[in-house]
Amino acid sequence: MFECVKKVKETIKLPSTTVRLLLQHVHWNEQRLMEQFFDPDYQDKLFRDANIVNPFKKSPNVDGVEDLKRQLSSSPLHSFRRQSLTPSTPSPMIMTPPSSPLINLKPVTPIIEHTCVICCVTKSSNEMGGLKCGHVFCIECWQYYLISKIMDEGISETISCPAKCNIRVDDITVLHIIESQDVRNKYQYLITNSFVQCNRKMRWCPGKNCKNAIKELISSGVTTVTCTCHTSFCFQCGDDGHESIKCEWLRRWHKKCQDDSETSNWIAANTKDCPKCHVTIEKNGGCNHITCRSLSCRYEFCWICMGEWAPHGSSYYSCNRFNETDVQEARNAQEHSRATLQRYLHFFNHYQGHKQSLQFEDKFLNTVQQKMKIMQKEVDWIQVQFLLPVCEALRLCRQTLMYTYPFAYYLKPSNDSAIFEMNQADLQHATEELSDLLERDLTLTQDNLIQMRQKIQDKSRYCEDRRKVLVKHVIDGYNQDSW
């Protein structure tokens, strides 16, 4: 933002605060501002529309109390309500350079005392001030007015003169009058937020408690970006990073998921019954390998497809595929509708399963860190640190897999979609194996340290490689119009 203001300021030779207000008026479009500013037939309209006094025209005369009263006779500001504010000693007024169209808080004088038309209190000249529009008020009323606009109304770039003459209050004036650091910080944030929202190449990071704004440096076609706080998100829509599905398709998917008429009570269900003994089970971790806790059962199954877990570790792994035969064999409209719903629920359950696993990310990471502390009794601290990047790799794989199912839902059967399903199955299989290693088999001792570390790191690298292969295939398909 400051670079933009500085660049324009060097060209049009006006104060930074005036340049900022002009840029705000044209939604930070530098080219449009230059065209309007250097057009002699349009320049006056530019300043008038921006509610800024034109610096190339003579300023109004503000001498004399009677003239001031006449200017404000129709002002509704007598009913202005104050907020509670800790009184502070007014500081002497600051004069801006004569070239500025906003001569901020200039003394009104030579008269020693004036009556503020807002609070109707007579005060000395050094306690009064106003903009170049000629409307003058006491500093205390200025403070009440600006704090109300900033803190209550959340306004920064469009704060006008209290007399409602629409002349804008510039940054120097606001920051000079306001003494509270909280109010000053809020004002500066509102200005920055306006700049980011008007800039198509900038977006706020959605990370928790993160105040960074991300700037697109080059148009590379990559939509997923990562902030310094390690939050990854889509630069185009602001959602979580979703390389495998277009923003448009994802919006359609979210809308479909919110349609209660289609998903009914299926979405609301957070528990499932054991396929063998039918005991209700609530998932409390990220791993989809579930073992029934009933002592008489102990059945192991997949949380997503509800099938027996044993085949998931074989070459016949097909949890990710949906069998279209049910739809093809539908004999009437009712059966076809049921099969269509079943198809949707297949992809939704996989999507929701990985989403739920991601929601347990903090708990899962905490579990791994607790295990790392326990294992430090057997091995050195540095020897278990490799687990943290492995956890991050697992999170990225789950996030990628989560968005592959909405993508697959909208795919039409083809050779490319078959290849995609194979890549998807391979990644999901590897991800579940890595999750199993971290949640179930993670015990490091001096005897098995080298072997287990090698096993976990190899599986982590394989997952990351397969994730990149899947994403590359999807992006290539978009570029070749295969989907």
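Laboratory data are not the source of any read-out in this text; all were calculated from the coordinates shown. None of the values given here were measured: they were computed from a predicted structure. Cβ sites come from the backbone with ideal geometry, for glycine too, and all protein chains shown count toward neighbours.
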Legend entry - Ordering of 139-148, 297-306 by burial proxy (mean other Cβ atoms within 10 Å per residue, highest first): 139-148, 297-306
Legend entry - For segment 381-387, 3J(HN,Hα) per residue [Karplus equation, 6.51 cos²θ - 1.76 cosθ + 1.60, θ = phi - 60°, Hz, x = Gly/Pro]: 4, 5, 7, 10, 5, 5, 6
Legend entry - Ordering of 228-235, 161-168 by burial proxy (mean other Cβ atoms within 10 Å per residue, highest first): 161-168, 228-235
Inset, instruction - Grab the beta carbon distance between residue 210 and residue 385, set R0 = 35 Å, and tell me the FRET efficiency rounded to 0.05. - result: 0.90
Inset, instruction - Return the lysines within reach of residue 208: Cα separation strictly under 17 angstrom, same-chain partners fewer than 8 residues apart disregarded; answer none if there are no such residues. - result: 363
Legend entry - Listed peptides 453-464, 17-28, 180-191 by packing density, highest first (mean Cβ within 10 Å): 17-28, 453-464, 180-191
Legend entry - Calculated from backbone phi, Karplus (6.51, -1.76, 1.60) coupling profile of segment 19-33 in Hz, x at Gly/Pro: 4, 4, 5, 5, 5, 4, 4, 9, 6, 6, 9, 4, 4, 5, 4
Legend entry - For segment 348-357, 3J(HN,Hα) per residue [Karplus equation, 6.51 cos²θ - 1.76 cosθ + 1.60, θ = phi - 60°, Hz, x = Gly/Pro]: 5, 5, 5, 4, 5, x, 6, 5, 5, 4
Inset, instruction - At 7 Å along the Cα-to-beta-carbon direction for both residue 369 and residue 155, put a label point, then send me their distance in nm to one decimal. - result: 4.5
Inset, instruction - Enumerate the amide H contacts of residue 224 below 5 Å, restricted to partners 5 or more residues apart or on another chain; note that Pro and chain-start residues carry no placed amide H. - result: 235
